[in-house]
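Scroll down for the structure; my scribbles are underneath it.
The values are calculated or read from the model by the stated rules, or taken from the named source; none is laboratory data. All values derive from a computational prediction rather than experimental measurement. Every residue, glycine as well, gets a Cβ built from its backbone with ideal geometry; the counts of neighbours run over all protein chains shown.
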Amino acid sequence: MKIKTGFLTLIIYAFSSYINLSAAIDQTYVERILKENRGFIDFLDVCVTNFAPEKKDELFNIYQKHFNGEVTYLQGEYKRAFDYVYDSQKDMVALYEYVLTELYMEDSKNMLDGLAPVIIRSKNNLARQYLTLGYRDRAVARTFYVSGEASYPRLYSYKIFKYREGVTYTRRAKRYALLALYTGQELEVKRKIYNQLFKTENGEGRPFFSRFVDKNDEDYIKEMNKTWEDYQKEGSADSGEKKAVVTGGEAGKDGVIEPAFEGRVEKQVRFRKEQVVARYLINGEFDKAELIIRTYVEDYNYKLIMATLVHLDSAGTHSGEGASSDKKKDYAAMMIHHKDNYHILRQEKSILEELVGQVRVADDVKKDEEVIETREEKVKEEPVNDADSKPVEK
């Protein structure tokens, strides 16, 4: 009797739990989890596009289920929408775990270990500190992975959240590694890195520091000691120079596109700030120069590290390694990691943007399959009318 009573109680408890779950799945709840799930997918899309394009089919299947969850939500079928999202997250957990463990954890370790000998041999304490912070963040990422792995198997959203945090910390570990790479360079190399930074900015129509770019030391000092009046006289002497073929701007005396909206006062202020920055850079006072440069260069941190990688890659050697036998670093690959750290794609479109036109509503797919099956059944039922099988009348 007690066994029957306990079994009946278990059935009632399970039934009531199902009723409570169904009642909790309302419009507001499904709307929230759809938004959360789309954030998970967009985050994963950048990771797969940059480092795992071979996983595009898995990513597409995940988005296909999420898409059908969106459709059923619009149809007012909130329980079905929840089921689609839950099924999408079930597949997403495996892909997130692969991306974190096989790609980001490994890549961050390889980058930190690869730069460690250079930084340790250097006498730059700040670069060593950045390296330490990189290793610390990678250890935190592993903690997030262990926490997600040890959680209840069906808590998919919790696992995804932990894995996503792990990816975020491995990205920050790589950012610290690249900061250590820049910080550990010698003063002369840093000046060349800033030269590369301003050269890129000038090519995109931002003329700050253009008159100092690619100047040798002698011309650099002469330009630094010029007065505003001298610069104006040189500008008027070159007034017959060709206009640049760019809307809203014209070519200056250095052939750099100058914005048409910049007035006389703005140009004079920029001229004086360029002189101050030039003095800071030639004296190795890069922290002081940074305060001024940031007011003219957007996304300063990203562009400075990119200029570092471009310069070191073009130079062909790693200045400061201390030994000619050291293996050359793959700076082109580091550029991809650097872009990914800022959620920038290595290509124009992401994988989902390329495949989004192929998604289908699940009901339409089922209808197509039913039509195909019906046609196949009809073909099997119809008698074969083969004229060659008839006997020939004599």
Restricting to segment 179-190, and then to whatever is in a helix (DSSP H, G or I) and more than 18 Å from the chain's Cα centre (by Cα), can you tell me which residue is surrounded by the fewest Cβ atoms within 10 Å (Cβ to Cβ)? Glu188
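Condition check ((1) in contact with a His (Cβ under 8 Å, 6 or more places away or on another chain); (2) assigned to a helix (DSSP H, G or I); (3) not hydroxyl-bearing (Ser, Thr, Tyr)) across all residues:
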residue: Ala177; (1), (2), (3): no, yes, yes
residue: Lys192; (1), (2), (3): yes, yes, yes
residue: Phe198; (1), (2), (3): no, yes, yes
residue: Asp214; (1), (2), (3): no, no, yes
Looking at (1) modelled with pLDDT under 90; (2) within 26 Å of the chain's Cα centre (by Cα), find the lone condition where Arg171 falls short. (1)
